1. Does the range 3-54 hold any residues that are β-branched (Val, Ile, Thr), surrounded by 16 or more Cβ atoms within 10 Å (Cβ to Cβ) and closer than 30 Å to GLY118 by Cβ, and which are they?
2. Would you check which residues across the range 132-144 are surrounded by fewer than 19 Cβ atoms within 10 Å (Cβ to Cβ) and assigned to a strand (DSSP E or B) and list them?
3. Conditions: (1) under 24 Å from ALA22 (Cα atoms); (2) among the polar types (S, T, N, Q); (3) surrounded by fewer than 21 Cβ atoms within 10 Å (Cβ to Cβ). THR77 meets all but one. Number of the miss?
4. Would you point out the residue of the range 1-15, among those that are modelled with pLDDT under 95 and among the charged types (D, E, K, R), that is farthest from GLY28 (Cα to Cα)?
5. Among what's in the range 103-124 and is more than 12 Å from the chain's Cα centre (by Cα) and free of Cβ contacts under 8 Å to residues at least 40 places away in the same chain, pick the residue that is surrounded by the fewest Cβ atoms within 10 Å (Cβ to Cβ).
6. Tell me yes or no: at least one residue of the range 152-171 is of a type outside the set (A, V, I, L, M, F, W, C), in contact with an Asp or Glu (Cβ under 9 Å, 6 or more places away or on another chain), surrounded by 11 or more Cβ atoms within 10 Å (Cβ to Cβ) and at pLDDT below 95.
Amino acid sequence: MSRNRGFEKVSTFDAINLPKRATHHAAGYDFEAASEVVIPSIWKKGIATSLKAILNHDEFFADDQLKKEVKPVLVPTGVKAYMGEDEFLQLCNRSSNPLKRFLLLGNGVGIIDSDYYGNAGNEGHIMFQFINFGLTDVVIKKGERIGQGIFLPFLKADNDETTQNRDGGFGSSGQ
């Protein structure tokens, strides 16, 4: 049996479901949360005060604490993906998340490169990063569907050059 693309569990997670397509014509594979995670409202931790200062043209300083508080929250899936070297897995938000739960993906869409699989930093563990723009915290429960992944091919430019090899996990390919 040939292994072109698919999903496996990350070794540090047990009772999780691998992503599946919901219908015969669905493009995306539904990912579930591997554990319960709270996504705090951005309005609870100084964003409202900061916005007011900016709008009033008051002096504003985004200190390290504020930056930490408004950072997206990573939701683990316990899943890694393997694919061909000219493919990637695009991570997308569920269409209902912004409308019903006020959740946005902090990076818009996620890109999982083929060399992310099995990396030394985290085995290729796929996580979704969320920002909650609602007024109250959102609790994502273990097993809840949080996003989708779509396998896609990509093209390379003439005279393509890369600058490095991947040597770790999340965000390891450079600044």
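The values are calculated or read from the model by the stated rules, or taken from the named source; none is laboratory data. Just so you know, these numbers come straight off a predicted model, no measurement behind them. For neighbour counting, all protein chains shown are included, and Cβ atoms are generated from backbone atoms with ideal geometry for every residue, glycine included.
1. Just the residues of the range 3-54 that are β-branched (Val, Ile, Thr), to begin with: 10, 12, 16, 23, 37-39, 42, 47, 49, 54.
If we keep only those that are surrounded by 16 or more Cβ atoms within 10 Å (Cβ to Cβ) too, we end up with 10, 16, 37, 39, 42.
Residues satisfying the conditions are VAL10, ILE16, VAL37, ILE39.
2. In the first step, residues of the range 132-144 are kept if they are surrounded by fewer than 19 Cβ atoms within 10 Å (Cβ to Cβ); the result is 133-139, 141-144.
Across the range 132-144, the qualifying residues are VAL138, VAL139.
3. Evaluating THR77 over (1) under 24 Å from ALA22 (Cα atoms); (2) among the polar types (S, T, N, Q); (3) surrounded by fewer than 21 Cβ atoms within 10 Å (Cβ to Cβ) leaves (3) as the failure.
4. If we take residues in the range 1-15 being modelled with pLDDT under 95 and among the charged types (D, E, K, R), then ASP14 is farthest from GLY28 (Cα to Cα).
5. Ranking the candidates gives GLY118 first.
6. So in the range 152-171, the residues of a type outside the set (A, V, I, L, M, F, W, C) come out as 153, 156, 158-169, 171.
When the remaining residues are screened for being in contact with an Asp or Glu (Cβ under 9 Å, 6 or more places away or on another chain), the result is 153, 156, 165-166, 169.
Now drop any that are not surrounded by 11 or more Cβ atoms within 10 Å (Cβ to Cβ), which leaves 166, 169.
Restricting the remaining residues to those that are at pLDDT below 95 gives 166, 169.
The answer is yes; a qualifying residue exists.
The rows are residues; the columns are (1) at positive phi; (2) out of contact with any Gly (no Cβ under 8 Å at 6 or more places or on another chain); (3) at pLDDT 95 or above.
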{"site": "LYS45", "(1), (2), (3)": "no, yes, no"}
{"site": "HIS57", "(1), (2), (3)": "yes, yes, no"}
{"site": "PHE60", "(1), (2), (3)": "no, yes, no"}
{"site": "GLY78", "(1), (2), (3)": "yes, yes, yes"}
{"site": "LYS100", "(1), (2), (3)": "no, yes, yes"}
